Amino acid sequence: MASDSAALIVRTIDLLVRGSATGTVRVTCAAREGSIALVQGRIAHVHAPGAAPLLGELLGIDREPEAREGWIGDRLLRSGMASSGRVTTAHREQMRTRLFAMMTWRSVRVTFEAGAPRVAPGVDAAHAADLVIEALRRSVENIPIEHVKEKLGAQSWVLTALGRSLVARAALHPEEAAVAASLRMPIGRSELEATARHRERALRFVYALSWIEAIALPTATGSMSLLARKTTEVRRSASPRRLLDMTAHARPNEARGALRRLAKDLHPDRFAVHASAAITEASTEVVAAMVRAAASVR
């Protein structure tokens with residue numbers, strides 16, 4: 001199931017959604033070109049050549065309405081062959097299926113063209129995070145659970161920035177929400193299984209997140225940019241409040257909370273065994289300096 005394109009496509013969509021963008025995401029791969037139409041940060045249409053059945057097929061309609069002009073969904077509504085609710089549900093299924101198919105393409109190039117995209121009138125655009133999560137659920141529902149456990153292994157996992165954005169925006173099942181909350185800090189598979197009643201669904205959800213790089217091993221989640229900034233501040237003898245990112249009006253008793261928040265991204269364990277000795281030394285130096293700073297805030 002793994003693809004080198006899935007994370008790139010989802011990351012691009014996520015960034016555009018944050019800016020409530022309107023336009024067309026072009027996804028090209030060898031001889032194929034797909035597109036994702038965005039309207040104010042919501043997905044209104046997905047085109048992926050040969051990737052999904054037609055709307056009429058999803059609705060179980062064998063014959064076309066007599067009128068041949070306009071969007072098929074609109075024609076079905078006007079002819080009385082389908083209700084608005086059925087057309088909306090079928091269109092969402094079509095977008096979900098096409099988005100997943102596009103995420104399996106290899107070595108894609110992703111571009112964005114701003115401006116009003118061509119979409120059918122009256123289309124009910126979907127929340128992008130919901131559509132991504134729905135596509136991922138569908139992709140893993142038939143994978144043997146033993147395979148899922150094997151892929152997750154015994155190591156700990158944690159949400160990446162993309163993962164935090166997705167789970168904050170998407171409608172999640174209760175067990176998915178419980179697991180997502182646990183994944184804000186590094187957590188192992190056995191602990192993940194204990195966080196939800198429906199363990200298989202929870203593990204499949206985590207496995208699906210790994211496919212788009214929405215979770216990662218803790219060794220890859222330490223914030224290098226934050227570490228670089230804090231290393232500079234330590235070496236320039238920044239004030240305790242500056243080092244802890246505390247405002248001038250923050251109360252002294254807030255120092256410990258500030259330390260905990262920063263240490264989540266800067267503790268040497270977050271860079272772990274695969275980090276270079278220089279990174280481990282820098283993170284150790286910075287965390288030690290912040291501990292001293294928190295104790296000295298008055």
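Values quoted throughout were computed directly from the atomic coordinates according to the rules given, and no laboratory measurement underlies them. In this text the structure is predicted, and so the values were computed from the model without any measurement. Every residue, glycine among them, receives a Cβ derived from its backbone with ideal geometry; neighbour counts consider all protein chains shown.
What the phi angles of the range 251-265 give under the Karplus curve with 6.51, -1.76 and 1.60, with θ = phi - 60°, is a coupling list of 6, x, 6, 8, 4, 5, x, 5, 4, 4, 4, 6, 5, 4, 9 Hz, glycine and proline written as x. Per-residue packing, averaged as other Cβ atoms within 10 Å, sorts the ranges 157-170, 249-262 into the order 157-170, 249-262, beginning with the highest. Per the Kirkwood formula applied to alpha carbons, the chain shows a radius of gyration over Rh ratio, Rg over Rh, of 1.07. Between the beta carbons of SER239 and GLN40, assuming R0 = 41 Å, the FRET efficiency works out to 0.45 to the nearest 0.05.
Measuring r between the beta carbons of GLU57 and ALA171 and using R0 = 30 Å, the FRET efficiency lands at 0.65.
Given contacts defined as C-alpha pairs under 8 Å and at least six residues apart, what's the relative contact order of the chain, whole-number percent? Please list the in-between numbers first.
Details: 441 pairs, mean separation 49.7, N = 298.
Dividing the mean separation by the residue count of the chain yields 17 percent.
In this rough spin-label picture, where each label sits 7 Å from Cα along the Cβ direction, the THR284-ARG260 distance is 2.6 nm. Partners of LYS230 within straight-line reach, counting lysines whose Cα lies under 21 Å from its Cα and excluding those fewer than 8 residues away in the same chain: LYS264. On full extension, the segment bounded by ASN142 and THR89 gains 16.9 nm, given 0.36 nm per residue less the C-alpha separation. Report the local net charge at ALA128: Lys and Arg +1, Asp and Glu -1, summed over other residues whose C-beta lies under 13 Å from its C-beta. Here the count lands on +3. Once both labels are positioned 7 Å from their Cα atoms along Cα-to-Cβ, the gap between MET224 and SER20 label points is 3.4 nm. Full extension of the segment from THR12 to GLU191, taken as 0.36 nm per residue of separation minus the current Cα-Cα distance, would add 61.3 nm.
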